[in-house]
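Just so it is clear, none of the values below were taken in a lab; they were calculated from the coordinates. Everything numeric in this text was worked out from a predicted model, so none of it was measured. Every residue, glycine as well, gets a Cβ built from its backbone with ideal geometry; the counts of neighbours run over all protein chains shown.
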Amino acid sequence: MDNALEKKSFKKELKESLDLFLVFIKVGFLAFGGGLAILRVLEQELCEKRNYLSKEEMLDYYILSQLIPGIIIVSSSCFIGYKVKKQRGIFIALLGVIIPSIAVIVVVALLLDKLIAYKITTSILKGMSVAVTAVLIDINIDLIRNNVNNIVYFIVFVLSFISMRFFNVSIVFIVLASIMIGLFYKEKEIRSEVLKDNNNVKEDK
Amino acid sequence: MLKIFLTFIYTGFLAFGGGLATIPILYQLMVLPGEILEEDFYNMIAISQATPGPVGLNLATYVGFSEGSILGALVASCAIAIPSLLGVSILARIYEKVKNNKTMLRVMKVLRSAICGIVVIAVLKLLKNSLFNLPEGMVANKISDYISFLNYIDYSALILMTLFILFMRFSKKKYTPAIYIVVGGILGIFLF
């Protein structure tokens, strides 16, 4: 009996791992447009369809990935893998991210040198880039609406934009400064914010 | 092969701030010593951006492929992922322990707002590339430069993008981004 149960849970485990792997493979082949587009597709697959993790956690992983060296989406994927399947998940996610990239690049490297000479190729790429930008604007609107929801967060949002865009401040400093603000800023010190928060909580319920 | 491996491990550990940070490092390591022609390198960047997947990973794979064929691509992409593997293995454990701490929650909320600001910068860069037909090497330093950008706006791209965004905002059903990108590619044949 025990043995059968163990076998069943092993089977379930294997199925979940395979599922996670296939999600990353699928996303790897579909997600044009780099980082955020990939994150959005992962969000749909893992948060909305499967409930493996919350959208906030996804964003937190994206932030944490900025702190370690390496490619951000690769790191974010590893974090997601860890969340779902611990250390083994990291390897699953890593393989899932790398394999499509190798497959796509090898095929493209062999073909595209010839294709890029045709005007139709550049037209298609241009149309795709317009769509990618539209997708990213849509994601960005959602991100801002969900996270920048009081005056202090808004100031942080504007300051981080200005300091990086116009003064080339490194992201490491922006992250450190935000941590300092987070340590000293208590939302509940502002009364109106408390009321607003309570309202939000009620709405959520 | 060992040289490719070491090159990309080195690149990975220095690439703070993500895939785009690998470009100057790889330029220094591969183009300056003459391993890759400058023109080829720029083509590789363009193709890495146009293909699915993370730009930095694609670029590393591509450079690896041009240096050592399929095995080179394999070695390069694995090597550049090693810093992520190590970093996450350590950081994820710490994060799991502290993530329900009240102070930590506060810090994360502020961080999320800061990241939103940085994401806006990435979006603006893409907007510049996809919405304007700018002459080579044109950069904006003054406010008047931004205004002169308006002369190069591509109206069919602007209209297409506006339609896309309106559709995404107001359609009841949410489609995966891949669908929009395929549609964009097909419409691109007729528009551009």
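In the frame of its principal axes, region A:52-136 has Cα extents of 46, 28, 24 Å, reported largest first.
By Kyte-Doolittle mean hydropathy of at least 1.6 and Cα axial length of at least 15 Å, which whole DSSP H helices of chain B are selected?
TM-like helix candidates: B:2-14, B:155-170, B:177-191.
Taken residue by residue and averaged, Cβ atoms of other chains lying within 10 Å of the Cβ of B:167-177 number 4. Counting Cβ atoms of other protein chains within 10 Å of each residue's Cβ and taking the mean over peptide A:82-90 gives 3.
Among the residues of A:58-65, the average count of other protein chain beta-carbon atoms within 10 Å of the residue beta-carbon is 5. Over chain B, the pair-distance histogram of Cα-Cα distances with 5 Å bins from zero comes to 1, 6, 10, 13, 14, 14, 15, 13, 9, 4, 1 percent, rounded to whole numbers.
Taking a cut-off of 35 Å, what percent of all Cα-Cα pairs in the protein assembly as shown are separated by more than that? Summing the P(r) tail past 35 Å for the protein assembly as shown gives 28 percent. Projection of the Cα convex hull of region B:65-114, averaged over all directions and equal to a quarter of that hull's surface, yields 5.1 nm². D by Stokes-Einstein for region A:2-147, Kirkwood Rh over Cα pairs, 20 °C, 1.002 mPa s: 127 µm²/s. Pair-distance distribution P(r) for region B:34-117, from all Cα-Cα distances in 5 Å bins starting at 0: 3, 13, 14, 16, 14, 11, 10, 10, 7, 3, 0 percent.
Tell me the Kirkwood radius of region A:18-66: reciprocal of the mean inverse pair distance over distinct alpha-carbon atoms, in Å. Intermediate results must be reported in sequence, preceding the final value.
Numbers: mean 1/r = 0.0905 Å⁻¹.
Its Kirkwood hydrodynamic radius stands at 11.1 Å.
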